[in-house]
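Every number in this text was worked out from the coordinates using simple rules, so none of it is lab data. Because the structure is predicted, anything quoted here is derived from the model rather than measured. Note that each Cβ is placed from the backbone with ideal geometry, even for glycine, and that neighbours are counted across all protein chains shown.
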Ligand SMILES: Cc1ncc(COP(=O)(O)O)c(C=O)c1O
């Protein structure tokens with residue numbers, strides 16, 4: 001029996017996740033000792049920009065409605081007219097003719113990933129993910145008794161299709177992509193998506209159905225005219241999951257959706273399984289008020305030029321400190337190489353300068369650190385000398 005009645009697995013998970021807590025506690029301690037305004041906290045991917053005005057207008061309108069039944073239970077997949085509105089956007093993003101029938105409203109992208117894994121994984125099924133990857137994937141796949149199989153990407157963190165191919169086994173159930181990527185900021189090219197789709201189509205023709213799952217909450221946070229290529233147009237067994245957490249700056253509101261390719265194999269069975277998963281995982285349905293709000297604000301976006309300005313500012317600071325990094329094309333993270341092999345040493349030397357970052361090991365990529373730039377420009381500017389001193393102290 002686990003300590004205090006808590007199961008062994010969760011005790012083990014809490015230990016594995018403890019570095020996050022340690023980072024958080026270290027940060028809180030530094031803030032208490034030196035004052036929060038002296039600490040440069042780049043550890044959290046919590047968007048700081050205000051939601052766009054369209055969000056507030058839609059929220060006020062939705063909250064003011066006296067329509068009967070709008071706060072009631074609903075179909076587990078969500079409000080039908082909301083799903084129709086979302087489908088119009090997915091049709092544009094993924095260049096497919098998709099309807100509201102193929103959309104399920106979820107509690108964020110995290111809720112979306114959990115219902116997908118619940119719906120598709122048999123115990124021991126494998127989910128291949130390119131490194132680096134969002135730390136929570138380990139837990140989400142394990143929640144549904146699957147196994148996460150990380151594979152090396154190329155040096156610039158673009159997809160290494162050969163490595164993905166080599167990792168495929170008879171137990172492979174899905175390839176999980178996240179682009180723009182947290183933590184690298186890389187957008188996977190359309191060429192690489194096509195190549196991967198071709199590979200999965202060939203394997204499908206031999207009788208093994210592998211899903212392409214695209215987790216894309218940063219699709220609209222892109223810089224310098226970049227865009228995220230469509231996926232559904234290239235591969236029919238594609239499932240998209242995303243949220244409004246980043247583009248509307250509302251992560252606390254827990255609203256997102258899953259979209260299933262209209263030509264996916266056994267589509268109706270899959271949609272039925274996803275809908276039941278939404279219900280029995282205890283989400284029941286995505287928040288009713290937020291569904292009605294995002295349907296009206298589906299094309300709105302935060303002012304991305306602010307993130308881009310901060311990215312450019314930070315790039316200069318990192319360059320001056322002598323760090324090497326891939327310029328992020330999207331999302332709001334830098335993922336520079338640590339000047340020493342053990343990136344924890346670098347994280348600690350930055351802490352001495354009151355700069356908080358996260359070790360790359362947490363993202364399956366030791367030797368790097370993640371810096372979140374969803375913070376005020378002034379905090380970024382203030383960190384300049386500290387970055388330089390921390391790097392110099394290790395050379
Ligand atoms: C790559 C990635 N996927 C999923 C999520 C979870 O998103 P949400 O808060 O919308 O559930 C995040 C949140 O930071 C993320 O970075």
message: With the crude spin-label approximation of a point 7 Å out along Cα→Cβ, what separation in nm comes out for residue 8 versus residue 341?
response: 3.4 nm
- prompt: Can you sort 93, 125 by how many other beta carbons sit within 10 Å, fewest first?
  reply: 125, 93
- line: Using alpha-carbon positions, the gyration tensor of the stretch 134-177 gives root eigenvalues a ≥ b ≥ c; with a/c under 1.5 called rounded, otherwise prolate if a/b exceeds b/c, else oblate, the class is oblate
- prompt: In what order do 71, 94 fall by count of nearby beta-carbon atoms within 10 Å, going from fewest to most?
  reply: 71, 94
- line: A student applying the Cα gyration tensor rule (rounded when a/c is under 1.5; otherwise prolate if a/b is larger than b/c, oblate if not) would label the stretch 218-257 oblate
- request: Answer rounded, prolate or oblate for the stretch 236-284, using the Cα gyration tensor with square roots of eigenvalues a ≥ b ≥ c: rounded when a/c is under 1.5, else prolate when a/b is larger than b/c, else oblate.
  value: oblate
- request: Could you grab the relative contact order for the stretch 200-334? Cα pairs under 8 Å, six or more apart, rounded to a whole percent.
  value: 25 percent
- request: For the chain, just list the percent of Cα-Cα distances falling in each 10 Å bin from zero outward, please.
  value: 5, 22, 31, 26, 14, 2, 0
message: I want to check the label-to-label distance for residue 38 and residue 17. Put each point 7 Å from Cα in the C-beta direction and report it in nm to one decimal.
response: 3.2 nm
- request: For the stretch 37-113, count all C-alpha to C-alpha pairs, find those more than 16 Å apart, and express that count as a whole percent of the total.
  value: 71 percent
task: Evaluate Rg over Rh across the stretch 180-257, taking Cα atoms for both radii and Kirkwood's formula for Rh.
output: 1.03
- prompt: What residue among 362, 204, 78 shows peak mean-square fluctuation when the chain is described by a Gaussian network model with Cα springs under 10 Å?
  reply: 204
task: Assuming R0 = 45 Å, can you tell me the calculated FRET efficiency for the pair residue 57 and residue 166, based on Cβ-Cβ distance, to the nearest 0.05?
output: 0.35
query: Please state the Cα pair-distance histogram of the stretch 288-395 with 10 angstrom bins from zero: what percent is in each bin?
result: 14, 43, 25, 12, 7, 0
query: For residue 382 and residue 206, what does the FRET efficiency come to when R0 = 45 Å and r is the distance between their Cβ atoms, rounded to the nearest 0.05?
result: 0.20
message: Please list the three semi-axes, largest first and in whole Å, of the ellipsoid equivalent to the stretch 1-67, using sqrt of 5 times the eigenvalues of its alpha carbon gyration tensor.
response: 36, 25, 10
query: In percent, how large is the relative contact order of the stretch 93-188, given Cα pairs closer than 8 Å and 6 or more residues apart?
result: 28 percent
statement: Taking R0 as 45 Å and r as the Cβ-Cβ distance between residue 395 and residue 190, the FRET efficiency 1/(1 + (r/R0)^6), rounded to the nearest 0.05, comes to 0.70
- prompt: What order do you get for 385, 41 when you list them from fewest to most C-beta neighbours inside 10 Å?
  reply: 385, 41
message: Below 8 Å between Cα atoms, with a sequence gap of 6+, how large is the relative contact order for the chain in percent?
response: 23 percent
task: Sort the following peptides by mean Cβ neighbour count (other Cβ atoms within 10 Å, averaged over residues), highest first: 60-70, 192-202.
output: 192-202, 60-70
